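Here's the structure we're looking at; comments come further down.
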Amino acid sequence: MSHADAAPWARRRTYAIISHPDAGKTTLTENILFTAGAIRLAGQVRARGENRRTKSDWMKIERERGISVSASVMTYEHAGLTFNLLDTPGHEDFSEDTYRTLTAADSAIMVLDAAKGVEPRTLKLVEVCRLRDIPILTFINKLDREALDPSELFDDIQDKLALDVAPMQWPVGSGNRFKGVADLKTNELVAYRRPEGEEFRESERFALDGNSITSELDPNELDELNEGVEIARELMPAFNPQSYAEGHMTPVYFGSALRKFGVRELIDALAEHAPGPQTQKAAAGPRETLEPGDKEVGGFVFKIQANMDPNHRDRVAFVRLSSGEFKRGMKLKTDKGKALTVSAPVMFFADDREIADNAYAGDVIGVPNHGVLRVGDTLSESGKWKVAGIPNFAPEMLRRARLKDPLKAKQLKKALESLAEEGVTQLFRLQVGGEFVIGAVGALQIDVMSQRVADEYGIDVEFEPCPFETARWLTGPDDKLEDFISRHKTAMAEDIDGDLVFLAKSGWEVSYSEEKFPDLTFSRTKERA
Ligand code: G4P
């Protein structure tokens, strides 16, 4: 398929990689960029060399302002398309940003460790993908190590994630006995060759029904493969592009990111199947949706990165463009009526060129500002749009704010509210006693909150453990709500918009309450105001 005549926005493919820590996301990212030719040597995602840092203006911004933005969006060209790979921070950087980034992606690659299958973090991230039903392509990694049986892995995906599974390949062995994968479309064996050093080897292919395959597989392996292929063809659903596009079916590929095996097939599959920029629902605006081909520039802030150096109050707001052609120097307005001229945006490119002048729907731009922009803000030329679908997510850790100097209560309120509005953490106020509780999905958010309250407001505050573990936004008929509230007085709080929140001691307590109060809705997400 040629994309040469398509509009620039239609050539964008914006996606994220979701995985449990250690499944191989970083290694895969490096090797995707390497295979697509965007970086010469693997290893640069993890340890970006100094020489790369000096190449463009935005890297200068990083250096001067101490804001690390370069790994947030990685752009490369492949098969006539421009791919924007959005970073979904994991490990100790895991935070609400990780979830929000998924609201800016049009599709995702799910990476599973072949020995482990679906792990808890994967499950959570898929739930977030499901809020917008974005298509998910699966890459089962680490086949060069002992792996679970393919059927077991497929069942795991199907059962835990409720996704239909369409195998596109079938692996032959794993670990020391890993011989490659059968490509079910071309009916070929893609033979595994252990690479030497950084070298990339083009895959060698053998027809499954040809003679030369016997030079690759012994009779037992061949039998095993034929049996697998038969299972895949006869007992499992065939790939249905529409079902994938609607987020109900995941095509599954296998490989080893570390050994650079299967990565070429994966990026080709992404080029073939992943959707371009999607229609963006609007909560307010001239029409119900923003279309990527619309003339007016529109986009939304999904992440804010602040300088941790107290002498520099700069922030970079990451804006995912939903429509129009953005030009440097453009004047845009937020949905709250603030105007700003975007004269020095951070743009991301495939080949380290100097700052380009245009960006399109699907692209991400970084907008330096002094705290004007907040997560969830919509930017557009008219200022009339408000994009829908940028939620707050139920926190997975809650901490009570304990002030050392009680005279600073007013300042603390201001600090917490302002930082929560920006999206650093969420903020709840207990109905009884009026104490502040902050909520986050990752510990990093709490650390950032502590540091910024201290640096920017000069307040000494401790965020101490409290009996609550998670929260749900609560709605329902008044009488039922009153009944619930009267029984859970000390667990009731309001969020920053004054909406009612139930702070729960555990996930179990949430399930129990849902059962006991079937007329109430306990929401895991809430649209940002
Ligand atoms: P993450 O970003 O998902 O957390 O995973 P990351 O890529 O950092 O990989 C986690 C570990 O798994 C790393 O080993 C990495 O080398 C290894 N790994 C990734 N892909 C493969 C694969 O296809 N096969 C095998 N055998 N290993 C793989 P580590 O020892 O923790 O780190 P390092 O010292 O190698 O950097």
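Filtered by the rule that a residue be open to solvent by 40 Å² or more (accessible area, probe 1.4 Å), more than 16 Å from the ligand (Cβ to nearest atom) and not in a loop (DSSP other than H, G, I, E, B), the range 123-145 gives Glu127, Arg130, Leu131.
Counting the residues of the range 91-106 that are within 18 Å of Met249 (Cα to Cα) and touching a Gly at 6+ places or on another chain (Cβ under 9 Å) gives 1. Scanning the range 146-160 for any residue that is β-branched (Val, Ile, Thr) and within 15 Å of the ligand (Cβ to nearest atom) turns up nothing.
Just one of (1) open to solvent by less than 60 Å² (accessible area, probe 1.4 Å); (2) farther than 30 Å from Val181 by Cα fails for Ala257. It is (2).
Of all the listed residues (Asp483, Asp447, Asp479), the sole one being closer than 22 Å to Thr98 by Cα, out of contact with any Leu (no Cβ under 7 Å at 6 or more places or on another chain), free of Cβ contacts under 8 Å to residues at least 40 places away in the same chain and open to solvent by 10 Å² or more (accessible area, probe 1.4 Å) is Asp447.
Among the residues of the range 511-529, write down those that are over 17 Å from Ala394 (Cβ atoms), part of a loop (DSSP other than H, G, I, E, B) and out of contact with any Gly (no Cβ under 9 Å at 6 or more places or on another chain). Of everything in the range 511-529, just one residue is over 17 Å from Ala394 (Cβ atoms), part of a loop (DSSP other than H, G, I, E, B) and out of contact with any Gly (no Cβ under 9 Å at 6 or more places or on another chain), namely Pro518. Among the residues of the range 79-94, those identified as within 15 Å of the ligand (Cβ to nearest atom) and of a type outside the set (Asp, Glu) are Leu85, Leu86, Thr88, Pro89, Gly90, His91, Phe94. For the range 199-237, residues that are touching a residue at least 40 places away in the same chain (Cβ under 8 Å), open to solvent by less than 80 Å² (accessible area, probe 1.4 Å) and not in a helix (DSSP H, G or I) total 5.
Here Ile459 meets each of (1) open to solvent by less than 20 Å² (accessible area, probe 1.4 Å); (2) of a type in the set (A, V, I, L, M, F, W, C); (3) part of a helix (DSSP H, G or I) with one exception, condition (3).
The values are calculated or read from the model by the stated rules, or taken from the named source; none is laboratory data. What you see is a predicted model, and the numbers here were worked out from it, not measured in a lab. Neighbour counts are summed over all protein chains in view; Cβ atoms, including those assigned to glycine, are modelled from backbone coordinates with ideal geometry. To get the accessible areas, we keep the full protein, side chains included, count just its heavy atoms, and leave off ligands, DNA and RNA. Shrake-Rupley method; radii C 1.70, N 1.55, O 1.52, S 1.80 Å.
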